[in-house]
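Everything on this sheet refers to the single structure shown next.
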Amino acid sequence: MKAAVEGQKRIDSLAESSIKDAVSFFENFIEKILDFIGGVSSLEEASESISRLYLRIDHRDLGSHLGRALLEADRIGAASVSSFAEAAWGPGMPFKEAVDYFRAKAFSVVGIAKADLLGEVKDEILKAMESGTTLEEFRKSAREIFERGGYTEMSPYRIDTIYRTNLQTAYQAGRYRQMTDPEVL
């Protein structure tokens, strides 16, 4: 666990230094954007010539800078998970198996990254599975959760997809566990 904490500290430090190092890149971008805006007389003209702006901004150095930072972050993350996997499951635990373990435990909803909001949605889905909540009841409670989280225009189709995908995934995980039980095999 110590390696994971140290890894996170190194990632935080890397992010902070990468942001500081990237300031000059972004200052250059802003300068070019302001020059572009100053050189057009209307929104229509800007719309027609915006592609030329992309050609005037040299983004290769920023891409290389970000690529190096992402590669280092990936290396730190892999080292942290590998040592965590060894602590949890013993030496020699393959990295892929550790990743698969955490992926199986993960809960996600596309487009939502707030952990507290994901937790509320997951709790609501669990409640739906345990108590037999109807899709309509889930829609209402999910809409309230998303609105509290700042997602005001959540389509009913998206909520239906979240409900059905997660219920079906849970069902299939249970069926898989049943079918791979040693006694069944």
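So here's what we get for this one:
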read-out	value
Percent carbon-and-sulfur accessible area, segment 134-178, ignoring ligands, DNA and RNA, probe 1.4 Å	53 percent
Shape call, segment 11-82: gyration tensor on alpha carbons, a/c limit 1.5	prolate
Residue pairs, from the table Lys20/Lys114; Lys114/Lys140; Lys9/Lys32, whose Cα atoms sit over 27 Å apart	Lys9/Lys32
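The values are calculated or read from the model by the stated rules, or taken from the named source; none is laboratory data. If you're wondering where the values come from, they're calculated on a predicted model, not measured in any experiment. Remember, those area values only see protein heavy atoms, side chains included, never the ligands or the DNA or RNA. Shrake-Rupley method; radii C 1.70, N 1.55, O 1.52, S 1.80 Å.
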